[in-house]
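Just so it is clear, none of the values below were taken in a lab; they were calculated from the coordinates. Quick caveat, the model's predicted, so the values are computed rather than measured. FYI the Cβ positions are ideal-geometry reconstructions off the backbone, even for glycines, and counts take in every protein chain you see.
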Amino acid sequence: MYIENLVEIRDFPIFSDNKLVYLDSASTAQKPREVINGIKNVYESSNANVHRALYKLGSQSTEMFESARASIAQFINAASSKEIIFTSGTTESINLLAYTLGTQLEKNDEILISQMEHHANLVPWQLLAKRSEAKLKYLPLTKSGELDLSQPEKYFTQKTKIVSITHMSNVLGTINPIAKISKITKSIGAIFIVDGAQSVSHLPVNVQELGCDFLAFSGHKMLGPTGIGILWGNLEILESLPPFMAGGEMIETVSMESSTWNKVPYKFEAGTPNFVQAIGLGIAVEYLTNIGMKEVQDHEKKLTHYALSRLEKISGLYIHGTPEKRGGVISFNLNKIHPQDLAQFLNEDNICIRVGHHCAQPLLKMLGETSTARISFYVYNDSSDIDKLCKSIESTKKYF
Ligand code: PLP
């Protein structure tokens, strides 16, 4: 059975030698020529600071920057592009929320996350809980690696003020029932944040259907540049929050005594924004829109199904998690072979996989591992990548 990739592989210069097997897109995605050239073009022909320069170049770059914001708003079906805040990535988006929402938290309030969170959606809440003397609670997982929502009253209480959950696990691939969690969260009047680092890049995401208040995601995981990401938020809530970072652009007036704030989203974009990367992200979003996010999701489903069926046949290989709804991320361990050794052997065959704790140490502890091997797919992968992986795993096993 052959599953073809979804793109013209020539679009991606990194694959030009035809040998690279890249199975680490959950970490960062490869970039199409459109994005690379788009960034180059800005630097070569329209580079000027945005929202400041009163000359033609400045209005060109501002228009491109704001048009990227509009494309991104449309991509996730935001009600307005005012709800799109440019950050450096998911990590900054969540830290922004932990800081600003944190100003409203009181002693003994509760923050609810889950045992499958990436450190980016865990450590900021740990710090906030310490600062505000709030309690950090964790939704447990079932054996299959899904959120255990069987006792909601135990975790979603009148004291819960913030719920922050990943849409898709970067270790198990589990896709969480966000709309359902949203309903439970709304019933107790808490704020609901979704970590979309692994979902926005791989499946259709519609914030109005999800029903959350905030969604955080990263450009580099969705064919876009590094150093740029998004915080989408409900406009009314964004307007009620204090600023995060302070400096130029986020102000309306400044006197020696005090300042007033610019409108949302600019209130949260202090300093010169990463506007070239934002424009690059806009191009990546157009590229994904042209493919179709449903097509992206279906393609990865097929690859995941095929990979699971092949990996399951390798003796001594243990796959972590059997969630019913899953995306293109698979973690596994191989009897007696440390993931690091496996990665080194695969590297000899030009196969890139991720090994380690995947910035999810509490989850790894629950799995009884300190390190796993992880493969993940994207639009440029085809089934031959999985065949090469399995062949290389078998030959690694022979060596040990
Ligand atoms: N959340 C999840 C689920 C992730 O997988 C990642 C990165 O792998 C992050 C957050 C952090 O993303 P970034 O490093 O781009 O800020």
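Charged side chains reduced to their Cβ positions (Lys and Arg at +1, Asp and Glu at -1) give the chain a dipole of some 800 debye around its Cα centre. When Rg and Dmax are taken over the Cα atoms of the chain, they come to 21.8, 72 Å. Value of Rg to Rh for region 150-201, rounded to two decimals, is 0.99; Kirkwood radius and Rg both from alpha-carbon coordinates.
Taking the DSSP beta bridges with both ends in region 120-275, the antiparallel portion is around 55 percent. Note on region 183-254: the C-alpha convex hull projects to 6.4 nm² when averaged across all orientations. Computed across region 272-400, the Kirkwood hydrodynamic radius from all distinct Cα-Cα pairs reaches 16.3 Å. For a 19 Å ceiling on Cα separation, which of these pairs sit above it: LYS31/LYS82; LYS137/LYS221; LYS313/LYS336; LYS107/LYS137? The answer is LYS31/LYS82; LYS137/LYS221.
Beta bridges per DSSP, both residues in the chain: antiparallel share near 60 percent. Stokes-Einstein diffusion of region 214-313 at 37 °C, 0.692 mPa s viscosity, Kirkwood radius from Cα pairs, rounded to a whole number: 198 µm²/s.
Considering only alpha-carbon pairs that sit under 8 angstrom and 6 or more positions apart, the relative contact order computed for region 84-145 is 38 percent. How would you classify region 162-287 from its alpha-carbon gyration tensor, with a ≥ b ≥ c the square roots of the eigenvalues: rounded for a/c under 1.5, else prolate if a/b is greater than b/c, otherwise oblate? Oblate, because a/c is 1.5 or more while a/b does not exceed b/c.
For region 44-93, the Stokes-Einstein estimate of translational diffusion at 25 °C and a viscosity of 0.890 mPa s comes to 204 µm²/s, using the Kirkwood hydrodynamic radius over alpha-carbon pairs. Order by neighbour count: ILE72, ILE237, fewest other Cβ atoms within 10 Å first, most last. Least to most surrounded, the residues fall as ILE237, ILE72. The calculated 222 nm mean residue ellipticity attributable to helices in the chain amounts to -11000 deg cm²/dmol, summing -39500 (n - 2.57) over DSSP H runs of n ≥ 4 and dividing by all residues. Restricting the calculation to Cα atoms, region 246-287 shows an Rg/Rh of 1.18 when the hydrodynamic-style radius is the Kirkwood one.
Give me D for region 61-185 in µm² s⁻¹, whole number, from Stokes-Einstein with Rh from the Kirkwood sum over alpha-carbon pairs, 10 °C and 1.306 mPa s. For the chosen part, D equals 99 µm²/s. Cross-link partners for LYS325 among the aspartates and glutamates, with Cα-Cα distance under 13 Å and sequence neighbours closer than 8 places in the same chain left out: GLU146, ASP298, GLU300. Under 5 Å from the amide H of ASP349 lies no amide H of any residue 5 or more positions distant or on a separate chain, with H modelled from the backbone and absent for Pro and chain starts. Convex hull volume of the C-alpha atoms in region 1-150, normalised per residue: 212 Å³. Counting only aspartates and glutamates at least 8 places from LYS19 when in the same chain, those with an alpha carbon closer than 17 Å to its own are GLU4, GLU8, ASP11, GLU348, ASP349, ASP382, ASP385, ASP387.
Two decimals is fine: what's Rg over Rh for region 62-128, C-alpha atoms, Kirkwood radius as Rh?
1.08
Annotation: average projected area of region 290-355 is 5.5 square nanometres, based on the convex hull of Cα atoms across all directions.
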